[in-house]
Amino acid sequence: MKKSGFSVIVFILFSVTTFSLFGQVNKVPNLKLYDYEPYHFGFIIAVNQMNFVIETKENIHQLYFKDKQLPQADLPIYPVDSAMIYGIEPETTFGFAVGIVGDLRIGNYFNLRAVPSLAFGSRFINYDLRLLQGTDTVSFVSRQKINSTFVDFPFYLKYKSKRVHNMRAYVFGGVKFSFDLASQAKKQEEDNYEPKLYRSDTYGLIGAGLDFYMNWFKLGVELNMSYGLRDVLVREDNIYTDGIESLRSKIFMLTFTFE
């Protein structure tokens, strides 16, 4: 995750928390019976930062790619006799998500939650290449964009602290099942070398946040991370896939819940 993006998220979370703490002093508690309801619903609005965790092959610098393994039309010189990979780096961007909250009370401090949601975002993979043409070598960085539209189904257990006036802290953990509607895994096109991802993935999910009890609803501010458990890269025997041992998704999300 880029330091600048992480700093912005932490600053926002810290600002909201500080403002709320000052507002807790001598304040009459709101929604006194809210936490005793057996279940309730709400919705979320979130900002996400999608990333990849890429493990390259151990012998990546010894691999040579030729002929149909190379996207000749997209390279700065033509024809390319062969090419080598010097490095592969992911690049993150920001996206957003919306969803519905379903919450089931299973104790004074525990809740079971399901938050089906729709998430949008993009990621890039930058390939540092050396193109060989006869005795000439040309350096070239190929920037490949991967768009995603996820239908997510997170299920997790939420553990809450004791309520202090109109605020609670909490942590949670669980799993998330995700389906990428923008997946190109089954799309067959000649001379299409763009990296493709499988449609489905499973994530481990952890996070923490604060609940604020307002006059008419409860506002939650949370930061969570989900880490993909599956290698989602489709292998197509070309320079953009054969140098990668595994590619997994990692997503950070700043979420505002309204319940």
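The values are calculated or read from the model by the stated rules, or taken from the named source; none is laboratory data. Note that the structure is predicted; figures quoted are calculated from it, not measured. We place every Cβ from the backbone using ideal geometry, glycine too, and count neighbours over all the protein chains shown.
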Checklist entry - Out of all the residues in the range 223-238, which are closer than 14 Å to residue 171 by Cα and without any contact (Cβ under 8 Å) to a residue 40 or more places away in the chain? => result 225
Item to check | Candidates 236, 222, filtered to the one that is surrounded by 21 or more Cβ atoms within 10 Å (Cβ to Cβ) and over 13 Å from the mean Cα position of the chain (by Cα) | outcome: 222
Checklist entry - Does the range 200-246 hold any residues that are of a type in the set (A, V, I, L, M, F, W, C) and over 30 Å from residue 61 (Cβ atoms), and which are they? => result 205, 206, 208, 210, 212, 214, 216, 217, 219, 221, 223, 225
Checklist entry - Looking at the range 59-117, which of its residues are among the β-branched types (Val, Ile, Thr) and either loosely packed, with under 15 Cβ neighbours inside 10 Å or farther than 27 Å from residue 144 by Cβ (or both)? => result 77, 98, 100, 101, 106, 115
Checklist entry - Restricted to the range 52-99, and to residues that are polar (S, T, N, Q) and out of contact with any strand residue (DSSP E or B) (no Cβ under 9 Å at 6 or more places or on another chain), which residue is nearest to residue 130 (Cα to Cα)? => result 72
Item to check | Matching residues in the range 118-136 - criterion: being surrounded by 15 or more Cβ atoms within 10 Å (Cβ to Cβ), closer than 30 Å to residue 67 by Cα and of a type in the set (Gly, Ala, Ser) | outcome: 122
Item to check | Matching residues in the range 97-122 - criterion: being at pLDDT 95 or above, over 14 Å from residue 253 (Cα atoms) and touching an Asp or Glu at 6+ places or on another chain (Cβ under 9 Å) | outcome: 101, 103, 105, 111, 112, 113, 114, 116
Checklist outcome for this item: Residue hits (the range 245-259; surrounded by fewer than 22 Cβ atoms within 10 Å (Cβ to Cβ) and over 15 Å from residue 51 (Cβ atoms)) are 245, 255, 256, 258, 259
Next on the checklist: Can you tell me how many residues within the range 230-259 are outside any loop (DSSP other than H, G, I, E, B) and either more than 30 Å from residue 68 (Cα to Cα) or aromatic (Phe, Trp, Tyr) (or both)?
Outcome noted: 9
Next on the checklist: So for the range 161-171 (the condition being part of a strand (DSSP E or B), of a type in the set (Val, Ile, Thr) and surrounded by fewer than 14 Cβ atoms within 10 Å (Cβ to Cβ)), does at least one residue qualify?
Outcome noted: yes
Next on the checklist: Given the condition within 23 Å of residue 122 (Cβ to Cβ), under 17 Å from the mean Cα position of the chain (by Cα) and among the β-branched types (Val, Ile, Thr), answer yes or no: does some residue in the range 199-217 qualify?
Outcome noted: yes
